[in-house]
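Read the structure below first, then the notes.
The values are calculated or read from the model by the stated rules, or taken from the named source; none is laboratory data. Predicted, not measured: the structure shown is a model, and the values here were computed from it. Please note: Cβ atoms are built from the backbone with ideal geometry, for glycine as well, and neighbour counts cover all protein chains shown. Side chains included, ligands, DNA and RNA excluded: accessible areas come from the protein's heavy atoms. Shrake-Rupley method; radii C 1.70, N 1.55, O 1.52, S 1.80 Å.
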Amino acid sequence: MWSRSVGVLKTFGRAGNTRAVTSLVPGEPKEPSVITAVPGPKSQKLIDDLNSINQSGSVQLFGNYDKSIGNYLIDVDENIFLDAFTQISSIPIGYNHPELLKVFKDEHKLKTLVNRPALGVFPGDYWPEKLRSVLLSVSPGLSQVMTMMCGSCSNENAYKALFIHYRGRERGEDVDFSELEKTSCMINQPPGAPKLTLLSFHGAFHGRTMATLATTHSKAIHKLDVPSLDWPIAHFPRYKYPLHEHQRDNEAEDRQCLAEVQDLIEKYKKKGRPVAGIVVEPIQSEGGDNEASPEFFQQLQRIAKHNGAGLLIDEVQTGCGATGKMWCHEHFVLESPPDIVTFSKKMLTGGFFHNLEMRPKQPYRIFNTWIGDPGKLLLLEAVLNVIKQENLLHQVQKSGDVLKAGLLDLEKENPSLLNSVRGRGTFLAVNAIDTKLRDNILVKLKAKGVIAGSCGDHSVRLRPSLTFQEHHANIFLDKFRQVLQEVK
Ligand SMILES: Cc1ncc(COP(=O)(O)O)c(C=O)c1O
């Protein structure tokens, strides 16, 4: 373990007082610094260059990933940003963490990275042990795990597991596929390609591949022009804030959404398109950081079980500690683990945990060439060690408390601009009163050296790394306060 930076940084408390702090990542800058317009001239030149090769309208700036460190993203124009968005929520312990930089200095690990096997056919001798000691060591109570490439690919394959399980159960344990099934599936027709469905929620985001896109309902631009599937979509709770003042309304909201889930399951069964699975995020992230109560999820699991549908919890964005628990759904204290839990982003490898029932009987059914990348597991191993040794889940809780309290103060100071502070750990969001204001806040924050994200129609979302500390939270809050003064 590297030794902690003992450099004394100044933190800017709410009352403007300064305190000595110890940074979890050695060599971090003390504070953000922006010396050009954003994007700066070098970024702009690169954007123009890239745009001549592909559609690069989404690129905000070019990073200097040699220089970026800890919670600070440094760009090619030498601007230093406190990064509270971390590459769309996917940097677990900050940039250039010394424990990650060390990994491939080991020759065996380097060769594991270089010689990427087709894991479903020719895995290295290290593979079963690595799956056990790395991934299964953080499994949410599920004995099986498959690695995958990205979040969409994890969900896409997990959906197949739900369907395969459902049909296997209908067909009977030891019954082989019929000849009709084998011929009809080749022309996309039942019974081989059955008319099964998955239930998802309005506002959900599960990916951009064809089946996951059918369960994604956050923004039209993701879906336009792409043919999709007639699968049931229920409303996800939309709570009123603060939660403690609206308990009865929010409980009624839960009941209404759950009743709709049950109705849709019955309706689709009658249509001859039974629901094989329910797919849900513990906090709808891209769709606006929409939360639901533990009771909502407990009841959803009961409905799924009662109707013979599998429950897939998509922890691609919420997983790996940002809510203060390794898996966000652990906050819900479910009666039993979900049937499938998908992951990616901060886990560095995509994949999914599942129970034994979701395991196909035949090989090659959940399969692709690489099925993940052992090099990513080696990095994840180092990440999990750092999380444990530095007690980062506790750190997330502490930083999250400072961040949330500060956001609530800002909301109180600016009721005509902000509302609905919400979230767990550092996985937090606040609404601006409209999209224009939200977008303006994000631009102005960036000009002051802070990167935050957007989600839904008008929310600012925070997705810092697990090494984001209280002093980072205070810097963020000070900059946010300055921006709010400007836009008032
Ligand atoms: C909850 C959730 N599921 C799935 C995905 C898709 O992951 P990827 O972009 O890696 O395909 C995302 C991406 O933001 C996500 O937030």
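Compute the long axis of helix 41-51 from its Cα atoms, compare it with the longest principal axis of the Cα atoms of the chain, and write down the angle in degrees, 0 to 90, nearest 10. Roughly 20 degrees, rounded to the nearest 10. When you restrict to C-alpha pairs under 8 Å that are six or more residues apart and normalise by the size of the stretch 119-372, the relative contact order lands at 28 percent. One quarter of the surface of the convex hull around the alpha-carbon atoms of the chain equals 24.4 nm², the direction-averaged projected area.
Put a dot 7 Å past each Cα toward the Cβ at Asn96 and Tyr65; how far apart are the dots in nm? Between Tyr65 and Asn96, the simple spin-label model gives 1.3 nm. Peptides 169-177, 293-301, 315-323 ranked from most to least packed give 315-323, 293-301, 169-177, packing being the mean of other C-beta atoms within 10 angstrom over each peptide's residues.
When the pairs Lys42/Lys488; Lys267/Lys325; Lys305/Lys325; Lys223/Lys270 are compared against a 30 Å limit on Cα-Cα distance, Lys42/Lys488; Lys267/Lys325 fall above it. For the chain, find the longest principal axis of its Cα atoms and tell me its angle to the long axis of helix 392-413, 0 to 90°, nearest 10. Approximately 70 degrees, to the nearest ten. If a/c stays under 1.5 just call it rounded; otherwise compare a/b with b/c (prolate if a/b is bigger, oblate if not). Do that for the stretch 143-265, with a ≥ b ≥ c from the square roots of the Cα gyration tensor eigenvalues. Prolate. Computed in the context of the full set of protein chains, the accessible area of the stretch 246-363 at 1.4 Å probe radius has 49% of its extent on carbon or sulfur.
The value of relative contact order for the stretch 200-302, using C-alpha pairs under 8 Å at least six residues apart, is 32 percent.
Each residue of the stretch 327-332 was assigned a 3J(HN,Hα) from its phi angle through the Karplus expression (A = 6.51, B = -1.76, C = 1.60, θ = phi - 60°), giving 10, 4, 5, 5, 5, 8 Hz with x at Gly and Pro. Summed over the residues of the chain and divided among them, the accessible surface reaches 45 Å² per residue at a probe radius of 1.4 Å.
In this structure, the amide hydrogen of Leu428, modeled 1.01 Å from its nitrogen in the peptide plane, lies closer than 5 angstrom to those of Leu462, counting only residues at least 5 positions away or on a different chain.
Under a 5 Å amide H cut-off, with hydrogens placed 1.01 Å from N, Gly372 pairs with Met149 among residues at least 5 apart or on other chains.
Note on Ser33 and Ile88: the model spin-label points, each 7 Å out from Cα along the C-beta direction, lie 3.2 nm apart. Here the stretch 208-337 is treated as a sphere whose radius is the Kirkwood value from Cα pairs; by Stokes-Einstein at 10 °C and 1.306 mPa s it diffuses with a coefficient of 101 µm²/s.
Axis of helix 435-447 versus longest Cα principal axis of the chain: the two differ by about 50°, to the nearest ten degrees. Given a cut-off of under 8 Å on Cα pairs at least six residues apart, what relative contact order in percent is computed for the chain? Normalised by residue count, the contact order of the chain is 21 percent. Restricting to bridges with both residues inside the stretch 119-372, how much of the DSSP beta-bridge set is antiparallel, in percent to the nearest 5? Around 50 percent of the beta bridges assigned by DSSP in the stretch 119-372 are antiparallel ones.
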